[in-house]
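Structure, as structure tokens:
The values are calculated or read from the model by the stated rules, or taken from the named source; none is laboratory data. Small disclaimer: the values here were computed from a predicted structure and weren't measured. Because the Cβ atoms are built from the backbone with ideal geometry, glycine has one as well, and the counts that use them run over all protein chains shown. These area figures cover heavy atoms from the full protein model, side chains too; ligands, DNA and RNA do not enter into them. Shrake-Rupley method; radii C 1.70, N 1.55, O 1.52, S 1.80 Å.
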Amino acid sequence: MEKYKVILDVDTGTDDAVAILMAMAAEEIDLLGICSVNGNRNVELTTDNTLRVVDFVGKGDEVKVYKGCALPLVCTLNKDRRPLIPYGDKYFDGQENHGNHLDLPETSLQPQDKCAVSYYIDTLMASEGDITIVAVGPLTNLAVAMRAEPRICSKIKEIMIMGAGLEEGNSGPLQRAEFNFWADPEAAEIVLQSGCKLTIVPLDVTHKTGIKLKEAQAFEDSGTKAGYAAATFIKRRIKNYSNFQHNWHIGEETAAVHDALCIAGLLDRSVFTKVVNCNMHMDYSGGTADGVSVVSFKPVTRDLDGIFRPAVKNVDLVMEADREKFAAIMHELVTK
Ligand code: RIB
Ligand code: CA
């Protein structure tokens, strides 16, 4: 059995929570640590939510949580550019995917003293280049770590990222950006151009691989704690999607559980049925497309000097995935 040394980077969040449950349950994953970051909520809440998930399934002695960056690199400096960040319930009417606190008991678990950025640097520099990072929130922690200690880039085996959207979007004024990239576009660009092996799982795919209500019910009916928690989060998402997100063509009584798809794809690459090696950049101009990822499938680029050069294919972009396989892996992990 191939074993993966994994660091998770999360902005927990109901879909992050399902990804964490799956990662903790998978025998193939040696979960070295979990880094929290500002995103779905402020970092105090995403850290607390992460600890709640760990505690709920009795993993508090095993799984260490490192609190990460409280704000994006620069996009909140201009107050008009990201006026809602950091997110809090005051901007919502209670009917959205996450809530401030996950619907789990309070926890007395605390994050480690070391911050997430120092944890990345220390752990990666001491490693043998065999650590995979699964990053399913804004990429601030990784970008700061890469700027502080660029040598970590050559120490990372792979970064699996939930982010970007080709035709789909869920953030920004035109809803053309994907949230994780939109929330910190400069950080996303730093990671995209890092030279690391990158696998990108975009919204286009997560929107087509939703988990059904009857599948969530089966998780709960299994009687496991992880099954109960995953079902609770997915049911909340399904309720919300049916109220507000029908324009995303996700299907009735179904919800995207974006971040969890990364864990399934890490464990079984055949979940990703079409992957294209291509060029990806971020728009961080502050204009209409601020936070939108720009993808080129062309074999060449042409700079302002007019000379054609081979395009740098910096990402493996997942274009299609096997929904049934994804749901089956989730079922297996949260019901055991
Ligand atoms: O766009 C979806 C992503 O944004 C998910 O990772 C979700 O948890 C939020 O962070
Ligand atoms: Ca997330």
Worksheet, complete the sentence: Flagged in the stretch 171-180 as within 16 Å of ligand 2 (Cβ to nearest atom) and not hydroxyl-bearing (S, T, Y), in numbering order, are A177, E178, F179, N180
Response to the item:
Exception for F179 within (1) touching a Phe, Trp or Tyr at 6+ places or on another chain (Cβ under 9 Å); (2) under 21 Å from S296 (Cα atoms); (3) within 11 Å of ligand 1 (Cβ to nearest atom) falls at (1)
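Identify all residues within the stretch 13-54 that are hydroxyl-bearing (S, T, Y) and either at pLDDT below 95 or over 13 Å from Y66 (Cβ atoms) (or both); write none if there are none. Even if it seems obvious, please write down each step before you answer.
Of the residues in the stretch 13-54, the ones hydroxyl-bearing (S, T, Y) are 14, 36, 46-47, 50.
Residue satisfying the conditions is T14 alone.
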Fill in: Output for the stretch 114-146, where each listed residue is more than 16 Å from ligand 2 (Cβ to nearest atom), closer than 21 Å to C262 by Cα, in a loop (DSSP other than H, G, I, E, B) and in contact with a helix residue (DSSP H, G or I) (Cβ under 6 Å, 6 or more places away or on another chain)
G129
Discussion item. Residues to consider are D48, D61; find the one that is open to solvent by 30 Å² or more (accessible area, probe 1.4 Å) and in a helix (DSSP H, G or I).
Written reply: D48
Response to the item:
When (1) of a type outside the set (G, A, S); (2) assigned to a loop (DSSP other than H, G, I, E, B); (3) modelled with pLDDT under 95 are applied to P111, the one that fails is (3)
Fill in: Residue among P138, P173 that alone is of a type outside the set (D, E, K, R), closer than 22 Å to G286 by Cβ and modelled with pLDDT of 95 or more
P138
Practice prompt. Would you tally the residues in the stretch 144-155 being out of contact with any Gly (no Cβ under 9 Å at 6 or more places or on another chain) and open to solvent by 50 Å² or more (accessible area, probe 1.4 Å)?
Written response: 4
Practice prompt. Of all residues in the stretch 182-224, count the ones that are in a helix (DSSP H, G or I), of a type in the set (D, E) and within 16 Å of ligand 1 (Cβ to nearest atom).
Written response: 1
Practice prompt. Go through the residues of the stretch 12-22 one by one and say whether even a single one is surrounded by fewer than 24 Cβ atoms within 10 Å (Cβ to Cβ) and either on the phi < 0 side of the Ramachandran plot or within 10 Å of ligand 2 (Cβ to nearest atom) (or both).
Written response: no
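When you check L8 against the structure, is it within 14 Å of ligand 2 (Cβ to nearest atom), closer than 21 Å to F181 by Cβ, not β-branched (V, I, T) and not in a loop (DSSP other than H, G, I, E, B), yes or no?
Values: within 14 Å of ligand 2 (Cβ to nearest atom): yes; closer than 21 Å to F181 by Cβ: yes; not β-branched (V, I, T): yes; not in a loop (DSSP other than H, G, I, E, B): yes.
Judged against the criteria, L8 is a match.
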Item to complete: Write out, first by first residue and then by second, each pair whose Cβ atoms fall under 7 Å of each other, whose residues are 6+ apart or on separate chains, and whose first residue, in the stretch 109-129, is farther than 18 Å from V144 by Cβ while the second is part of a helix (DSSP H, G or I).
Response: L109/L51; L109/V54; L109/D55; S127/K155; G129/K155
Discussion item. Is it the case, given these coordinates, that I133 is within 16 Å of ligand 1 (Cβ to nearest atom) and more than 16 Å from L73 (Cα to Cα)?
Written reply: yes
Worksheet item: Considering the stretch 25-45 alone, what residues qualify as being in contact with a helix residue (DSSP H, G or I) (Cβ under 9 Å, 6 or more places away or on another chain), open to solvent by 10 Å² or more (accessible area, probe 1.4 Å) and more than 16 Å from ligand 2 (Cβ to nearest atom)?
Response: A25, E28, I29, L31, L32
Worksheet item: Considering A23, A19, which residue is in a helix (DSSP H, G or I), under 23 Å from I234 (Cα atoms), hydrophobic (A, V, I, L, M, F, W, C) and within 13 Å of ligand 1 (Cβ to nearest atom)?
Response: A19
Worksheet item: Among the residues of the stretch 181-204, which ones are within 15 Å of ligand 2 (Cβ to nearest atom), in contact (Cβ under 8 Å) with a residue 60 or more places away in the chain and either open to solvent by less than 10 Å² (accessible area, probe 1.4 Å) or touching an Asp or Glu at 6+ places or on another chain (Cβ under 6 Å) (or both)?
Response: F181, A183, D184, A187, A188, I200, V201, P202
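Please count how many residues of the stretch 165-186 are of a type in the set (A, V, I, L, M, F, W, C) and within 17 Å of D16 (Cβ to Cβ).
Just the residues of the stretch 165-186 that are of a type in the set (A, V, I, L, M, F, W, C), to begin with: 166, 174, 177, 179, 181-183.
Checking which are within 17 Å of D16 (Cβ to Cβ) leaves us with 179, 181-183.
Residues in the stretch 165-186 being of a type in the set (A, V, I, L, M, F, W, C) and within 17 Å of D16 (Cβ to Cβ): 4 in total.
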Discussion item. Being within 16 Å of ligand 2 (Cβ to nearest atom) and surrounded by fewer than 19 Cβ atoms within 10 Å (Cβ to Cβ) is true for just one of E158, E96, E168. Which residue is that?
Written reply: E96
